[in-house]
Each structure stands twice: as structure tokens, then as C-alpha cells.
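For reference, the structure discussed in these notes is given below.
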Amino acid sequence: MSLATNPQVLAEDFDFQKAIPEWTVHRAEHAITRDFVFVDFDRAFEFMTLCAAYASELDHHPEWFNVWNKVNVRLSTHSKKAITELDILMAQAMDRYAQQIS
């Protein structure tokens, strides 16, 4: 079974601060969020393009909203009604892509 079809729910004591320090954890909503800000629309769109390709590889797609240079992201594993390792992998990739573009 692949990671995408059977992602593992994170342990109660998972260290979000260490793994994804820029993200906000919403335990009651089973989600993590982050707002990314770029210098312009082109950079924001480049970020979204990189993220979309990786999301397709993982078969785990973000909820996001874009206005000009801002991209608001919400990650959750709806099938598990929890935050899972897929969310962490996607968040870490997004952090790398944002750093690469900035």
C-alpha cells in the first residue's frame, strides 16, 4: 500500500515546531496552515506550479487561495480526518519551494 492510500496519522506528541516551524497547527480542525508572500504574482504562480507537481506525485492536494503575490495554504488529510505524514511532507516541500523562489 502506498503512502498516499494509507497515510499515517501523526502521534499526539509530534513536534510540529521542529518539523514545520512556520506553520500554524489547528488541532480541532485537523489542519495546518501557512501564508506565503512573494515579490509578485509570477513568483507566487511559480510556487504554486512547483507545489502542484509535487502534490500530484504524492496524490495529496492542498487547499489554497491566491491573490496576486499571496498564497494561503491549508493542509489536511480528509480521508483520515487528521493531520498525517502526507501533510508534513507537503508542508516541508512547500517551505523548500518558497525558499528556492524567494
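FYI, it's all coordinate maths here, none of it is from the lab. Since we're looking at a predicted model, the values are computed, not measured. As a convention, Cβ positions derive from the backbone with ideal geometry for all residues, glycine included, and neighbour counts pool all protein chains shown.
Okay, here's what the table says:
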item	result
Exclusive hit being surrounded by 11 or more Cβ atoms within 10 Å (Cβ to Cβ), touching a residue at least 24 places away in the same chain (Cβ under 8 Å), hydrophobic (A, V, I, L, M, F, W, C) and not in a strand (DSSP E or B), set 47, 36	47
Members of segment 71-97 that are buried (at least 21 other Cβ atoms within 10 Å of the Cβ) and hydrophobic (A, V, I, L, M, F, W, C)	71, 73, 75, 83, 86, 90, 91, 94
Subset of segment 50-72 (residues that are part of a loop (DSSP other than H, G, I, E, B), more than 10 Å from residue 94 (Cβ to Cβ) and within 13 Å of the chain's Cα centre (by Cα))	59, 60, 61
Unique match (being touching an Asp or Glu at 6+ places or on another chain (Cβ under 9 Å) and among the small types (Gly, Ala, Ser)) among 82, 11, 91	91
Tabulated pairs, segment 61-86, first over 20 Å from residue 101 (Cβ atoms), second basic (Lys, Arg) and surrounded by 12 or more Cβ atoms within 10 Å (Cβ to Cβ), C-beta under 7 angstrom, 6+ apart or interchain	63/74
Residue satisfying all of: in segment 73-102; of a type in the set (Val, Ile, Thr) and part of a helix (DSSP H, G or I); farthest from residue 31 (Cα to Cα) among these	101
